[in-house]
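All remarks here apply to the structure that follows.
What follows draws every value from the coordinates through simple rules; no lab data is involved. The structure displayed is predicted, hence computed values, not measured ones. Glycine also receives a Cβ, built like all others from the backbone with ideal geometry; neighbour counts cover every protein chain displayed.
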Amino acid sequence: MSTTVPPLDIANVQGDILAGLPKKVQHYLLFQIDDDVQAFRQRLKLLIPLITTTPQVQDDRAKIAAAKKAATEQGKPAPLVKLSGINISFSHSGLVKLGITDDLGDAAFAKGQFADSATLADPGSTDANGNFVPNWIPAFKNPIHGVVLVSGDSELTVTATQAIVNGIFNIGAHNATMHEVLTIKGQVRPKDEKGHEHFGFLDGISQPAVKDFDTKPNPGQETVRQGVILCGRENDIVAGSNPPVPVVRPAWALDGSFLALRYLFQLVPEFNTFLKDNAIKASGLTPEQGSELLGARLVGRWKSGAPIDLFPLQDNPTAGVDAQQNNKFRYDFPDDPHTQDRCPFAAHTRKTNPRADLEDLGISTENRRIIRRGVQFGPEVTPDEAKSGKTKLGRGLIFAAYQSNIVNGFQFIQQSWANNTGFPIQKNPIVPGFDPIIGQQSNLAPRTLSGTDPNNQGANLSLPTEWVVPKGGEYFFAPSIPALKSKFAL
Ligand code: N7H
């Protein structure tokens with residue numbers, strides 16, 4: 001890619017990346033391109049005007065905010081603003097199918113997530129030919145060429161919008177240009193659980209701010225240079241290069257971003273039973289409070305979103321939802337430098353964004369940051385599941401994260417941080433252990449982590465089950481609008 005790039009025009013960037021498609025419901029239409037590739041490319045041309053760009057998302061968000069404000073002034077509940085969004089991304093096998101052979105400069109993307117599943121330590125086994133096969137559902141074991149994201153305020157809106165997409169590509173008709181491998185249907189959880197993932201924790205609180213786009217970062221929110229998320233921009237660098245070397249990419253990759261998609265099931269009743277059976281015992285804590293505290297120490301935040309580095313013993317729901325407070329921490333309190341008194345080293349948020357644990361060693365985490373979108377799928381836990389402690393219905397998180405480099409971002413976080421018992425580094429003699437939420441081993445052997453009991457930090461807690469179960473995924477590239485026009489469509 002040329003070293004002189006024009007300033008960022010956000011109208012070129014698909015809306016989900018920097019701004020996040022607003023959604024109550026989101027469908028991920030995973031597709032294969034049919035053999036008449038030219039016909040597909042002609043049809044893609046018709047889709048491009050419907051793709052939601054970043055300024056359009058900003059407009060939609062402004063409409064939602066205005067409706068909310070007007071309703072509050074009238075003492076009414078905020079109405080649902082009818083809107084929908086569309087984005088599209090392609091996998092490496094999709095590019096090959098389209099005859100696009102340029103090397104996009106990302107080894108994980110080129111390999112595809114199925115082949116990468118052993119690196120991620122997804123549970124699985126070795127087949128007769130000595131190849132690792134993850135325990136994924138069949139749909140993800142065959143090539144997926146791309147994904148269309150369709151989002152909106154309701155199932156009705158999204159289904160209607162998806163029908164338009166289906167019509168453009170003639171899906172299901174005799175002259176189809178693509179076919180559906182699987183549509184994963186996600187939806188935000190109901191009522192008070194809105195914004196909370198299925199274990200019950202408020203999610204999506206900590207995102208990096210992007211330089212010159214998110215111009216008013218919240219206290220504690222780190223700003224990353226644009227090239228950490230967008231290909232071809234400042235600080236889009238080769239994995240592990242020091243001094244940093246810009247990645248060589250084709251010119252058309254500018255302002256695209258890689259999407260790591262994961263279909264993650266969650267064993268919620270089993271997780272809750274574990275918290276109940278292993279409640280932290282301390283004077284003044286009821287068993288319920290002890291299990292809430294254990295949950296908070298596994299995640300790094302209370303269910304309300306309040307970070308335990310700031311509120312180690314008691315939840316603070318007001319701070320949990322307050323963007324002025326809920327990221328104002330670095331795991332480096334002066335009275336508590338680099339210990340796990342307040343937060344276990346292996347807590348999910350500390351593993352996946354260790355803040356001062358690395359920065360105080362002079363190691364920047366900027367190129368490890370990802371922007372997480374994604375949404376919950378599946379029903380609420382039924383009374384029967386809650387009573388038996390056994391999952392009977394599938395539910396979880398459609399994890400979707402953007403970055404300019406999967407090797408630097410998602411893959412590194414999963415492999416070298418979450419699954420690495422020695423991370424965060426230099427905590428001798430303490431071995432932090434696995435990220436209890438997403439840390440994994442392909443043989444499903446029990447995992448341990450330290451520091452969960454604030455009164456007995458040397459003790460290791462053994463985790464008998466992996467409560468997050470990967471059942472599929474793929475790496476995609478979300479091209480810029482100009483690239484879609486010039487390189488992908490006819
Ligand atoms: Fe995580 N959870 O409910 O426990 N995550 N995550 N995640 N996650 C975060 O800070 C969760 C997953 C990150 O900057 C919160 O926004 C669950 C994967 C990163 O402080 C909660 C699943 C990867 C952060 C959860 C899951 C990550 C983060 C706190 C799977 C990457 C920001 C809310 C089902 C490999 C950390 C917040 C920071 C936060 C949960 C998956 C990464 C509650 C249930 C696969 C970078």
Self-check item: Per-selection metrics, the range 88-183 (Cα): Rg and Dmax in Å
Solution: 16.4, 47
Quiz item: Just the Cα atoms of the range 333-389: what Rg and Dmax do they give in Å?
Solution: 17.7, 51
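Compare the peptides 218-224, 65-71 by average per-residue count of other Cβ atoms within 10 angstrom and give them in order, highest first.
Values: 218-224: 17.3, 65-71: 12.4.
In descending order of packing, they fall as 218-224, 65-71.
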Quiz item: What translational D, rounded to a whole number of µm²/s, comes out for the range 113-262 from Stokes-Einstein when the hydrodynamic radius is the Kirkwood one over Cα pairs, at 25 °C and 0.890 mPa s?
Solution: 124
Quiz item: So what is the diffusion coefficient of the range 174-237 in µm² per second by Stokes-Einstein at 25 °C and 0.890 mPa s, using a Kirkwood Rh over Cα pairs?
Solution: 158
Quiz item: Considering amide H positions built from the backbone, and no H for Pro or chain starts, which residues 5 or more places from THR448, or on another chain, come under 5 Å of its amide H?
Solution: PHE434, LEU463
Self-check item: Cut-off under 5 Å, modelled amide H: who pairs with ALA209 long-range
Solution: GLU222, THR223, VAL224
Quiz item: What translational diffusion coefficient, in µm²/s and rounded to a whole number, does the Stokes-Einstein relation yield for the chain at 37 °C and a viscosity of 0.692 mPa s, taking the hydrodynamic radius as the Kirkwood radius over Cα pairs?
Solution: 140
Quiz item: With each pseudo-label sitting 7 Å past Cα toward Cβ, what's the SER462-THR183 distance in nm, one decimal?
Solution: 4.6
Quiz item: Label-point separation (nm) for LEU490 and GLN56, each offset 7 Å from Cα along Cα-to-Cβ?
Solution: 2.4
Self-check item: the range 7-60 - Rg (one decimal) and Dmax (whole number), Cα, Å
Solution: 13.7, 38
Self-check item: Extension gain, LEU80 back to ALA386 (0.36 nm per residue minus Cα-Cα distance, nm)
Solution: 107.1 nm
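How do the peptides 147-154, 348-355, 187-194 rank, highest first, by the average count of neighbouring beta carbon atoms within 10 Å per residue? Please report the intermediate quantities before stating the final value.
Working: 147-154: 24.4, 348-355: 22.6, 187-194: 12.2.
Top to bottom by mean Cβ count within 10 Å: 147-154, 348-355, 187-194.
Could you give the dipole magnitude of the range 149-214 about its Cα centre, charging the beta-carbon of Lys and Arg +1 and that of Asp and Glu -1, in debye to the nearest 20?
Roughly 140 debye, rounded to the nearest 20.
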Exercise. Compare the peptides 173-184, 465-476 by average per-residue count of other Cβ atoms within 10 angstrom and give them in order, highest first.
Key: 465-476, 173-184
Exercise. Quick one: check the C-alpha center-to-center distance for the range 15-83 versus the range 230-306, whole angstrom.
Key: 25
Quiz item: Given LYS82/LYS211; LYS24/LYS69; LYS216/LYS471; LYS82/LYS194; LYS328/LYS427; LYS185/LYS211, which pairs have Cα atoms separated by over 27 Å?
Solution: LYS82/LYS211; LYS216/LYS471; LYS185/LYS211
Quiz item: Against the longest alpha carbon principal axis of the chain, how many degrees, from 0 to 90 and to the nearest 10, is the axis of helix 268-277 turned?
Solution: 10
Quiz item: Mind checking the dipole of the chain: about its Cα centre, +1 per Lys or Arg Cβ, -1 per Asp or Glu Cβ, Debye to the nearest 20?
Solution: 760
Quiz item: By how many degrees, 0 to 90 and rounded to 10, does the Cα axis of helix 155-168 deviate from the longest principal axis of the chain?
Solution: 30
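Rg/Rh for the range 1-125 to two decimals, with Rh computed the Kirkwood way over all alpha-carbon pairs. Please list the in-between numbers first.
Details: Rg = 19.5 Å, Rh = 18.2 Å.
Result: Rg/Rh = 1.07.
Looking at the range 297-450 from every direction and averaging, what is the projected area of its Cα convex hull in nm²? Could the numbers behind the result be given before it?
Numbers: hull surface 44.2 nm².
If you wrap the Cα atoms of the range 297-450 in a convex hull and average its projections, you get 11.1 nm².
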Quiz item: What is the Cα convex hull volume of the range 243-356 when expressed per residue in Å³?
Solution: 171
Quiz item: What list of whole percents do you get for P(r) of the range 305-362, with Cα-Cα distances grouped in 10 Å bins up to the one holding the largest distance?
Solution: 24, 56, 19, 1
Self-check item: Cα-projected label distance for ALA160 with ASN131, points at 7 Å along beta-carbon direction, nm
Solution: 4.4
Quiz item: Cα axis of helix 287-299 to longest principal axis of the chain: angle in degrees, 0 to 90, nearest 10?
Solution: 50
Exercise. Take the range 381-424, drop everything but the C-alpha atoms, weight them equally and run the Debye formula without solvent; then report log10 I(q)/I(0) at 0.16, 0.22, 0.29, 0.34 Å⁻¹ to two decimals.
Key: -0.66, -0.75, -0.98, -1.13
Practice problem: Starting from the alpha-carbon convex hull of the range 392-490, give the projected area averaged over all orientations, in nm². | Solution: 10.0
Quiz item: lysines within cross-link reach of LYS487: Cα-Cα under 16 Å, excluding same-chain residues under 8 positions apart?
Solution: LYS45, LYS97
